[in-house]
Protein chains: 4
Amino acid sequence: MISMTNRDFKENLKKINQFDITKDTDIEELINSLKDTGFNAKRLALACEIYKEMINTPSCVKFFGLAGAIIPVGLQKVIHDFIIEGYLDVLVTTGANLTHDLAEALGYHHLQGDFHSGDFDDEYLHQEEINRIYDVFMPNKVYEGIEDFISNLEIPDTQMSVSSFLNFVGKQLPKNSYSVLRACYDKEIPIFCPAFTDSGLAMQLGFYNQKLNLNHFKDMLEMVNIAWDAKVAGICIVGGGVPKNFIMQSLQFCPNSAAYAIQITMDRPEPGGLSGATLREAISWGKINESAKYSTIISDATIALPLILWYLKKSRN
Amino acid sequence: MISMTNRDFKENLKKINQFDITKDTDIEELINSLKDTGFNAKRLALACEIYKEMINTPSCVKFFGLAGAIIPVGLQKVIHDFIIEGYLDVLVTTGANLTHDLAEALGYHHLQGDFHSGDFDDEYLHQEEINRIYDVFMPNKVYEGIEDFISNLEIPDTQMSVSSFLNFVGKQLPKNSYSVLRACYDKEIPIFCPAFTDSGLAMQLGFYNQKLNLNHFKDMLEMVNIAWDAKVAGICIVGGGVPKNFIMQSLQFCPNSAAYAIQITMDRPEPGGLSGATLREAISWGKINESAKYSTIISDATIALPLILWYLKKSRN
Amino acid sequence: MISMTNRDFKENLKKINQFDITKDTDIEELINSLKDTGFNAKRLALACEIYKEMINTPSCVKFFGLAGAIIPVGLQKVIHDFIIEGYLDVLVTTGANLTHDLAEALGYHHLQGDFHSGDFDDEYLHQEEINRIYDVFMPNKVYEGIEDFISNLEIPDTQMSVSSFLNFVGKQLPKNSYSVLRACYDKEIPIFCPAFTDSGLAMQLGFYNQKLNLNHFKDMLEMVNIAWDAKVAGICIVGGGVPKNFIMQSLQFCPNSAAYAIQITMDRPEPGGLSGATLREAISWGKINESAKYSTIISDATIALPLILWYLKKSRN
Amino acid sequence: MISMTNRDFKENLKKINQFDITKDTDIEELINSLKDTGFNAKRLALACEIYKEMINTPSCVKFFGLAGAIIPVGLQKVIHDFIIEGYLDVLVTTGANLTHDLAEALGYHHLQGDFHSGDFDDEYLHQEEINRIYDVFMPNKVYEGIEDFISNLEIPDTQMSVSSFLNFVGKQLPKNSYSVLRACYDKEIPIFCPAFTDSGLAMQLGFYNQKLNLNHFKDMLEMVNIAWDAKVAGICIVGGGVPKNFIMQSLQFCPNSAAYAIQITMDRPEPGGLSGATLREAISWGKINESAKYSTIISDATIALPLILWYLKKSRN
């Protein structure tokens, strides 16, 4: 048992809250009710509370790792608001999310419709040049828009870091869009993308700029510096993957490992991969502090993330 | 592609909704926003909409299957409200949920505390006679309370059906409790429990009444009659298991298979078990109608079910 | 840490086995190699070793819980062999598996083919009267065969226990089939089916025998007696569900809780349901002994179960 | 339904194989038996058959994507043999696997022991400087060994591609080890690692070589060239992640998308992430061919991958 003698355990026991919901319940009340239940509901409530404490701790550097098709599915504005509201200080994400963010920022759209997931004819979709992401769609013509944009970019330095390049891209994008790239530019939030060349965006960049060699090592060292300097570190991991590991490895040998940690994922620990690893395991590595507050929610991020944002907005007023 | 030509597919495509959340958002607005996204968020929204339509269809007989530790974890009042509000007409559940419902109705409590799941010392818990359900606890002394109740029951008929017996039990319970058994008694909602002898409640009944032979076949036939008579059938499955199959098998050879179907589960189809089977598969069996509206949410019910109840209460006013 | 001081932990550490596979490897060697690795491979190896020890302990009563579509998918002979080889002493299963077992025993067949799972047109299947279980199929005409059989049964006692009835059914079935019902009859192995009325077999029985009231409570008490008398108890749980709980509840208040426990499932602990609960949690309930040897394999049973049987057959010679 | 009229479907139906296992069964027989069953067993068998066909097709370029803690858990020799036997032509993996491969190649070891997963005291482990990967352990002193190695490397070109650098590293490693890096060097197999800076290996490289700027774009373009030139492409994806996407994106606009595809993962499609996406979805993107043979196994790779290797070695003799 962590940080608890067995005696403490018994004294700590309280009644389960057989909570009430009315039409007038608000999100803050709901989360407060769930706090005294169990399973994933409780861990969602705990994550909300931890995130609020992260925000209310001015010295806390909030690392946010984002994997999964979060932009295509409709959470661009949700992530945008995490940035604009000051709920994150460092964003680590996948090249795919940045590609999709760019597409939406340029006026293209991801698509959906009133039909069942699983009922799609992928051969037909291929003929029609419509790419499928489960029950979300992206027409191939989006690539043309990205290509136009990329082919006109005048990249200031072929050896700049990926994060500097992404900052430069953000600056070109429409100011009033929901773009994550633009919001990070506006708020001076660094975006790290360690697997940048694993994306449609980088593919087109590479085709148009054969000499491009964005410096990934510079990003790695800069990330370590940010982690090193953090008096208090807090992390929110959505979906695991490279963003999770990149944040975690940066904190591993720092003076202050994470004091707060939230994880939203559908992956589980038993097969041993990092995406599903418990936050508690990260204590052994020194990535998360022994006295950290942490919570993992096993949930589709499309459900959990909007609820957390909603709670944060509501409870801060 | 089901019920859709490829031409229809393209005409049906709409923009993903990059939705907005403010502190003043309400649950109805959130669900409406999620409707035009994808993944589980969309399917949660679709489930909400389908459930509302079920409620607004007076001829619809609403079958509700409940598996998993829903009462211990704190959703007793949520289920109670589904019953009291008229959101279900037939309840099929596990003996475990009924045992836990009885315990709470008799004034006992399930417990939780401010510690991490997974950090428990089960040997210590055993010594202390505290039974663990993930991060929820039930002391053994609850059994004594159930035993007192059971030993004083004067069962009217040793061969009555399980559902008649459960109705009889419900009648003995406090009127103002959150008890599911009592709520069903008050609203004249039948409770079916096909695996009743797989429960602590039945164990104690059996010990005190060696001649008891509650008639499970009578329940089975009564359930088929209800399904047979349903002009419109709607189903909501929480967690799968025997409750799912019992509802499904009753509808299989009926004139009207289910016109509405909702499923909340963490199980998946690939290993072939019924709990994770898609609702679409049930069409092949004739359990769900070809033109049914249906939605499966891959989510912990402790998150999805309160949201659905909240939406239903809010949107009906 | 259970049963281990931290000092013991360090002394216990050994090198991971970077094991070798050749064309001449046999299953015993493979399992022995996996023993010194990690993740599910290690836990499969541990389960094999535990099962072998259960078999080699003459006083061990081996409870086997079987849920999931194991007979339809092609594991009838595998289960049959567990019975015939003496690898189990008590079988607890679902009505569905018994229905499918009966079908195969009567000469009907489940079907499959050379196509992708997920690519099926369930409306077409319904028109053709072919029921789908993921990528396995059962034509409706199988029901006619079961109906013929059921309608001709002369049930000796309408109030007999379910297990006695299943023994009676087993006796009617062809001796040289792979039938689980027949094999249990031949080996005098009791079959318990707590949710018997949740099955196609019971539906037809009920239609043909309106007065039938098989005694489920008698089964419950008999199961408790077997568990009570077991000097050593071992359990193998495939898929969870009612069979898991029924075995577990029988052991809860016995003098000797389980000394060996194996679990094969795709369910996980986080949503709190019993099917995914860890075996360690069962220690708090007194269902599994504090000093028990146990192992959970997160795997489709269609892969893990044949490997275990293969290992047991090979290593016992 | 893909590539199949409904008429074809019925003609294609065959009996499920209620297969037999004896102590003399061999892996080829087992897999052949599983071929005519269902669920994941069938898909494992199908994957074996597809892999064999890939190997027997001389023009097939076999892309192998490897994510997850495969080297730490004990599958280094298994992956080594895939390389040495000629079962793969291009390897895409994570920086973590390469870091762990290097550690083992330098004579360090990952550790395990005879205790239960989940029973670890991560605070104690942190004090003892033992890092945990589920139930596998890596002492911090391994990093010192890697540091010695890295600090003595004379990197020929600070702007070389990552794959060239990895080839250079492989050359320095002991010839008779099980090292994946060395085996790829010996067999002239390119290793791509798109998220290389997301690893302990890259961290140390970066600390010792502040001017290092390995060219990730060169890798990306080289990978596209290999995919473009492939007359026949086959892919085997273990665990998803960046390796999966990197292989897939390379094939997207090629003249010949993948004709064979195998996927081993515990991730599922419903949350919309790429790791769990079906192979069929990749047809819409043009990454996999409409007439491709493909199979996804939902299994821990520690179980499935050794079985596949065993089958391939056995069936090729």
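All other residues with a Cβ under 11 Å from the Cβ of C:V238 taken together, and with Lys, Arg as +1 and Asp, Glu as -1, what is their net charge?
0
When only Cα pairs under 8 Å and 6 or more residues apart are kept, what is the percent relative contact order across region C:1-92?
20 percent
Restricting to DSSP H runs of at least four residues, report the calculated mean residue ellipticity at 222 nm for the protein assembly as shown, -39500 (n - 2.57) per run over all residues, nearest 500 deg cm²/dmol.
It lands at -13000 deg cm²/dmol.
For the pairs A:K42/B:K62; A:K14/B:K171; B:K14/B:K42, flag any whose C-alpha to C-alpha distance is greater than 21 Å.
Distance filter (> 21 Å) returns A:K42/B:K62; A:K14/B:K171.
Net charge near A:P271, counting Lys/Arg +1 and Asp/Glu -1 over other residues with Cβ under 14 Å of its Cβ?
After counting each charged neighbour, the total is -2.
For helix C:162-172, report the angle its Cα long axis makes with the longest principal axis of the Cα atoms of chain C; keep it between 0 and 90° and round to the nearest 10°.
70 degrees
Hey, which aspartates and glutamates would be in cross-link range of B:K23, C-alpha to C-alpha under 19 Å, not counting anything within fewer than 8 residues on its own chain?
Partners found: A:D24, A:D26, A:E28, A:E29, A:E49, A:E53, A:D81, A:E85.
Can you work out the Karplus-derived ³J(HN,Hα) for every residue in region C:121-136? Use 6.51 cos²θ - 1.76 cosθ + 1.60 with θ = phi - 60°, whole Hz, and x for glycine or proline.
My calculation for region C:121-136 gives 9, 5, 5, 4, 4, 5, 4, 7, 6, 10, 8, 9, 10, 6, 10, 10 Hz in order.
Could you tell me how many degrees, from 0 to 90 and to the nearest 10, lie between the Cα long axis of helix C:216-229 and the main elongation axis, the longest principal axis, of the Cα atoms of chain C?
30 degrees
Which whole number gives the average, over all residues in C:236-247, of C-beta atoms from other chains lying within 10 Å of the residue C-beta?
Mean shielding by partner chains, rounded to a whole number: 4.
For region A:43-103 and region D:122-176, what is the separation of their Cα centres, given in Å?
Using only Cα atoms to place each centre, the spacing works out to 31 Å.
Let me know the Kirkwood hydrodynamic radius for region B:1-138, please, with Cα pairs as the basis and the value in Å to one decimal.
By the Kirkwood definition, the hydrodynamic radius is 19.0 Å.
Could you please rank A:V232, C:V180, A:V90, placing first whichever residue has the fewest other Cβ atoms within 10 Å of its Cβ?
A:V232, A:V90, C:V180
Determine the distance separating the Cα centre of region D:251-272 from the Cα centre of region D:278-297; give it in Å without decimals.
Cα centres, region D:251-272 to region D:278-297: 5 Å.
Can you sort B:K187, A:K218, A:K52 by how many other beta carbons sit within 10 Å, fewest first?
By the 10 Å Cβ count, ascending, the order reads B:K187, A:K52, A:K218.
To the nearest 20 Debye, how big is the dipole of region A:1-95 about its Cα centre, given +1 on the beta carbon of each Lys and Arg and -1 on that of each Asp and Glu?
I would put it at about 380 debye.
Given +1 on the Cβ of Lys and Arg, -1 on the Cβ of Asp and Glu, and no further charges, what dipole in debye does chain B carry about its Cα centre, rounded to the nearest 20?
Here chain B has a charge dipole of around 1360 debye.
What's the angle, to the nearest 10 degrees (0 to 90), between helix A:39-55's Cα axis and the longest principal axis of chain A?
For A:39-55 against chain A, the angle is about 70 degrees.
Report the per residue volume, in Å³, of the convex hull enclosing the C-alpha atoms of region C:127-274.
So the per-residue Cα hull volume is 166 Å³.
Kindly work out what percent of the DSSP beta bridges joining two residues of the protein assembly as shown are antiparallel, to the nearest 5.
In the protein assembly as shown, approximately 20 percent of DSSP beta bridges are antiparallel ones.
Add +1 for every Lys or Arg and -1 for every Asp or Glu among the other residues with Cβ under 15 Å from the Cβ of C:T296, and state the total.
The answer is -2.
For region D:181-234, what is the charge dipole size about the Cα centre, in debye to the nearest 20, if Lys and Arg each add +1 at the Cβ and Asp and Glu each add -1 at the Cβ?
Result for region D:181-234 is approximately 80 debye, rounded to the nearest 20.
Given all pairs of different Cα atoms, what value in angstroms does the Kirkwood hydrodynamic radius of region A:203-317 take?
By the Kirkwood definition, the hydrodynamic radius is 15.8 Å.
Under 8 Å for C-alpha pairs, at least 6 residues apart: give me the relative contact order for chain A, rounded to a whole percent.
23 percent
Given just the C-alpha atoms of region C:35-88, how large is their convex hull per residue in cubic angstrom?
Expressed per residue, the convex hull around the Cα atoms of region C:35-88 is 97 Å³.
Just C:D114, C:D198, C:D122 to compare: in a GNM of chain C, with alpha carbon springs under 10 Å, which one fluctuates most?
Evaluated over chain C, the most mobile residue of the options is C:D114.
Whole percent per 10 Å bin, from 0 to the bin with the longest distance: what is P(r) over all C-alpha pairs of chain A?
Taking all Cα pairs of chain A, the binned fractions are 6, 25, 32, 24, 10, 3, 0 percent.
Roughly what % of Cα-Cα distances in the protein assembly as shown sit above 43 Å, to the whole percent?
38 percent
Quick check on region B:61-137: take the gyration tensor over C-alpha atoms, sort the square-rooted eigenvalues as a ≥ b ≥ c, and tell me if it's rounded (a/c under 1.5), prolate or oblate.
Because a/c hits 1.5 or more and a/b exceeds b/c, region B:61-137 counts as prolate.
Values quoted throughout were computed directly from the atomic coordinates according to the rules given, and no laboratory measurement underlies them. Every value quoted in this text rests on a predicted model; they were computed, and no experiment measured them. Because the Cβ atoms are built from the backbone with ideal geometry, glycine has one as well, and the counts that use them run over all protein chains shown.
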